[in-house]
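This report refers to the structure that appears directly beneath it.
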């Protein structure tokens with residue numbers, strides 16, 4: 001990849017330019033390492049494949065162990081495997097688990113080798129295990145139904161019609177959830193994805209409980225592993241809803257494109273966390289980054305920009321309160337703790353999720369912000385707050401300068417600042433261009449993967 005360092009204008013009354021000597025060509029990694037940096041080979045996808053491969057191996061073990069014989073299927077073993085996968089899927093999405101993982105992997109000092117810290121920084125790809133085990137659990141339930149049908153046709157086994165109907169219903173429920181979670185469907189029909197994921201998930205929990213009782217018998221349900229898997233799944237799925245709270249807010253609208261939301265009367269989340277908010281308790285949940293309040297203010301802030309029907313309605317008709325649930329979850333930019341210095345790249349309202357990190361100087365950072373008419377869009381106070389924390393920031397106004405080569409801006413800031421890594425928060429296309437483009441050149445880079 002050839003990265004030319006362009007002139008880097010930024011707001012604040014000054015103008016930085018780079019001479020010809022600052023132009024550079026980014027070196028490429030060896031071919032075998034570049035292949036692993038391809039978007040389709042990212043750690044998220046590798047973890048999905050890992051979960052599926054483990055389950056294929058377990059399927060082979062079950063076949064060798066005699067789960068399927070001429071006298072019938074060991075339905076309990078198949079059901080337990082399906083339930084174990086689905087319990088794992090819930091665990092790998094639970095906020096306490098994710099926060100604990102984020103805390104653990106960011107403990108190493110910056111004296112550790114860069115390649116180790118680079119690998120640890122990819123911890124947020126753990127969502128691949130959620131997807132892999134959810135898909136595997138769904139497939140195992142389909143295997144369970146197929147096995148019961150096979151036994152029924154052969155006149156063997158002990159599965160009743162109730163077992164068959166219940167298993168088919170569970171398999172159908174999970175199949176609907178998996179299909180609606182496919183990236184293109186999820187992006188195009190977010191509300192339907194949310195509705196099916198939530199209500200089908202709740203229905204599946206009830207059905208799994210019934211399934212557990214039927215397969216183990218009411219008298220022996222407590223000692224059964226299936227029972228405890230059902231308990232763990234239900235507890236982790238319901239826990240965020242036990243923390244449902246109504247929080248008063250005030251909304252400032254510097255423009256028709258953006259709203260600065262201040263949340264009152266709640267514990268202030270840690271820097272670099274996100275949390276979902278909604279206008280209604282059950283539906284319409286959207287995640288936003290938690291930003292520390294401005295100096296002298298209480299509570300904390302969120303930046304909401306116009307990017308769809310929900311955000312448009314929120315900006316045009318702001319409510320007096322929102323609902324929050326669960327606990328604040330650590331965001332991707334938390335990986336900065338693994339490095340001596342980072343470049344933070346944001347486009348548009350992507351500056352919201354990284355603002356808390358910019359205001360916290362515990363890890364030196366250099367900001368590259370590509371946005372349109374920043375002062376008109378977000379207000380002078382917001383931009384001045386950023387410049388106060390980042391006097392050397394590159395703020396590229398696309399309204400006057402046009403669309404830049406964002407990877408080139410990121411690489412220029414990386415070279416100029418002496419940073420160890422780059423963090424990018426933008427739309428999917430730009431984030432992947434920056435992250436995977438830089439990583440193919442040996443630069444540690446991180447960005448959201450849209451798995452939630």
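Values quoted throughout were computed directly from the atomic coordinates according to the rules given, and no laboratory measurement underlies them. What you see is a predicted model, and the numbers here were worked out from it, not measured in a lab. Heads up, the Cβs are rebuilt from the backbone with ideal geometry, glycines too, and the neighbour counts pull from every protein chain shown.
Any chance you could give the angle, 0 to 90 degrees and rounded to 10, that helix 428-439 forms with the longest Cα principal axis of the chain?
For 428-439 against the chain, the angle is about 80 degrees.
If you count, for each residue, the other Cβ atoms within 10 Å and average over each peptide, how do 96-106, 281-291, 340-350 line up from highest to lowest?
Per-residue Cβ counts within 10 Å, averaged per peptide and sorted highest first, yield 340-350, 281-291, 96-106.
Whole angstrom only: what separates the Cα centroid of the stretch 128-174 from the Cα centroid of the stretch 378-452?
Here the answer is 47 Å between Cα centres.
Expressed in nm to one decimal, what extension gain is obtained for the pair residue 242 and residue 182 from 0.36 nm per residue of sequence separation less their Cα-Cα distance?
18.8 nm
Where does each of 181-192, 231-242, 325-336, 426-437 land if you order them by average Cβ count within 10 Å, highest first?
325-336, 426-437, 231-242, 181-192
Note the listed values (i) 22.6; (ii) 30.1; (iii) 24.2, then indicate which one is Kirkwood radius over Cα pairs in Å calculated from this particular structure.
(iii)
Measuring from label point to label point, each 7 Å out along Cα→Cβ, what is the residue 154 to residue 381 span in nm?
In this crude label model, residue 154 to residue 381 measures out at 7.3 nm.
Efficiency by 1/(1 + (r/R0)^6): what FRET value for residue 101 and residue 372, r their Cβ-Cβ distance, R0 = 56 Å, to the nearest 0.05?
0.95
Within the stretch 97-117, name every residue whose backbone N is under 14 Å away from a label modeled 7 Å from Cα of residue 362 along the Cβ vector.
102-110
Report the relative contact order of the chain, percent, no decimals, based on alpha-carbon pairs under 8 angstrom and at least 6 residues apart.
Taking the mean separation of contacting Cα pairs over the length of the chain, I get 17 percent.
For helix 406-417, what angle does its Cα long axis make with the longest principal axis of the chain, in degrees from 0 to 90 and rounded to 10?
In the chain, helix 406-417 runs at an angle near 70 degrees to the longest axis.
Nearest-5 percent of antiparallel DSSP beta bridges in the chain?
Among the beta bridges of the chain, antiparallel pairing accounts for roughly 65 percent.
In whole percent, what relative contact order does the stretch 245-330 give with Cα contacts below 8 Å and a gap of six or more residues?
Normalised by residue count, the contact order of the stretch 245-330 is 39 percent.
Place the peptides 410-421, 356-367 in order of packing, highest mean first, counting for every residue the other Cβ atoms within 10 Å and averaging per peptide.
Peptide ranking by packing, descending: 410-421, 356-367.
So how tilted is helix 161-180 from the main axis of the chain? Cα-based, degrees 0 to 90, rounded to 10.
Once rounded, one gets 10 degrees.
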